[in-house]
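Remarks on the structure that follows.
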Amino acid sequence: MKKVKVILSIIVLVLTLVGCGEESSHAHESLGEYFADTKNHWVLCSCGEKINHEEHSLEEEYCGVCEFYISYDEFSEVTYVEKYDENLNLISQDIYDDETKLEENTFEYIIDEGGNILNEKCYNFGEIKYEYEYKYNEEGIYSSIITEYTEDGKTITTYNEEYDKTLEKVYDKDGNLIQDDRYEYICDDEGRTIEEKVYSFDVLVNVTKYTTIEFEDGYETYSSYVAEYYENDGSLETYYNEYGSLVREVRTKEDGSVEYDYIYEYIYNDNGDIVNYKKLSGNEIIEEYIYNIDENGITVSYQIYRLGKLVEEATISVGEDGWPYISEVIEYTEETKKVTTYNESGEIVSEETYDKDGNLIV
Ligand SMILES: [Zn+2]
Ligand SMILES: [Zn+2]
């Protein structure tokens, strides 16, 4: 028993000599700068030991001792430990999930004589995460280039004075340019964008036109026309009304011939609900939907016609939860009529098929 005790005390003695236990031979000296986590702050001694290790003394979210801000974000359930420089620019930001450090962001700035930030770089655990380049005019910041870095490479996005995207270039991790989009804008006298063109590797791929409706108390802009150009496969042009509904669709083949040109017509009731929808090719009605809406504005049934023939009709009921559901669908073919009923959960309750004389066959 005595022997064991002796060995133990030798071990303890050795550990004391190896550790930062030279407490007797050196008074810890602070290297000045405070470090912080979600709960505590400390400074480091030149020997590497944490000293002045104590809890933050928070007022609101600010600790006056270490000068870090500690804030909990209830939405994403993480804690931010942040520090700002004398110009109130964020210089470090650690993000914690409980005690686990998820991100360790540090920031570098290039600032002009007027105090404007020209360049901002963010590093996460020492790896570059993004770089912003800012430009200014009399009205303030007017242009920036954003470079975002991921494991797969980087994306460089350039914006103009109107904050519209003008360039988007994506590089893979070997530095190969894999996406090269250029955006062009045409504005009206009011400075509103009326047309946007997108080029991919200098080839036009998309045109969007915008239409503005003026109201007494303002205006609303919607995209009224979109053209998509396909590589060696012609184009698709689509036109929209102010409700966002498709009104015309033109498919043009590579040789310039028109594959189809559909017109879509809508009739709205006083509530703005569609009561009739038609798809036409020339004068021919390809498809027509008739919606029957009751005095409460609830759709109670609809019919679908194709090339003038009734192909489907449905009854809509209101469930116990107050929500409408399709309770019966009747599908017509040349030879048959199939009646399917559904419950509120959308499950089939019954299914019956009749021949053209009305005899039940299935
Ligand atoms: Zn020390
Ligand atoms: Zn503190």
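The values are calculated or read from the model by the stated rules, or taken from the named source; none is laboratory data. This structure is a prediction, so every number in the text was calculated from the model and none was measured. Using ideal geometry, Cβ is built from the backbone for each residue, glycine included, and neighbour counts are taken over all protein chains shown.
Within the stretch 146-169, does at least one residue satisfy the condition of being farther than 22 Å from LEU204 by Cα and of a type in the set (A, V, I, L, M)? Yes, some residue in the stretch 146-169 is farther than 22 Å from LEU204 by Cα and of a type in the set (A, V, I, L, M).
GLU254 fulfils the conditions (1) assigned to a loop (DSSP other than H, G, I, E, B); (2) loosely packed, with under 11 Cβ neighbours inside 10 Å; (3) not hydroxyl-bearing (Ser, Thr, Tyr) except for a single criterion, (2).
Among the residues of the stretch 43-63, the ones that are of a type in the set (A, V, I, L, M, F, W, C) and near ligand 2 (Cβ under 9 Å from one of its atoms) come to 2 in all. All of LYS154, LYS135 fail the test of being basic (Lys, Arg), within 21 Å of the chain's Cα centre (by Cα) and part of a strand (DSSP E or B), apart from LYS154.
Within the stretch 231-251, being in a loop (DSSP other than H, G, I, E, B) and of a type in the set (Asp, Glu) holds for GLU231, ASP233, GLU242. Do the conditions hold for TYR354, that is, is it closer than 30 Å to GLY297 by Cβ, at pLDDT 95 or above and surrounded by 11 or more Cβ atoms within 10 Å (Cβ to Cβ)? Answer is no for this residue. Identify all residues within the stretch 107-130 that are assigned to a strand (DSSP E or B), surrounded by fewer than 14 Cβ atoms within 10 Å (Cβ to Cβ) and of a type in the set (D, E, K, R); write none if there are none. Residues satisfying the conditions are GLU108, GLU127. All told, GLU104 meets the bar of being more than 16 Å from ligand 1 (Cβ to nearest atom) and in a strand (DSSP E or B). When the stretch 278-324 is filtered for residues that are aromatic (Phe, Trp, Tyr) and at pLDDT 95 or above, the ones remaining, listed by number, are TYR289, TYR291, TYR302, TYR305. Do any residues in the stretch 108-130 that are in contact (Cβ under 8 Å) with a residue 60 or more places away in the chain have Cβ atoms under 8 Å from those of residues that are assigned to a loop (DSSP other than H, G, I, E, B), where the two are at least six apart or on different chains, and which pairs are they? If the second residue must be assigned to a loop (DSSP other than H, G, I, E, B), no pairs are left. ASP94 meets all of the listed conditions (1) surrounded by 14 or more Cβ atoms within 10 Å (Cβ to Cβ); (2) among the charged types (D, E, K, R); (3) outside any strand (DSSP E or B) but one, namely (3). Strands (runs of 3 or more DSSP E) fully within the stretch 33-79 that include at least 1 residues being more than 15 Å from ASP98 (Cβ to Cβ), basic (Lys, Arg) and within 16 Å of ligand 1 (Cβ to nearest atom): 50-55. Is it true that SER235 is buried (at least 17 other Cβ atoms within 10 Å of the Cβ) and not acidic (Asp, Glu)? Considered against the rule, which asks whether it is buried (at least 17 other Cβ atoms within 10 Å of the Cβ) and not acidic (Asp, Glu), SER235 comes out as yes.
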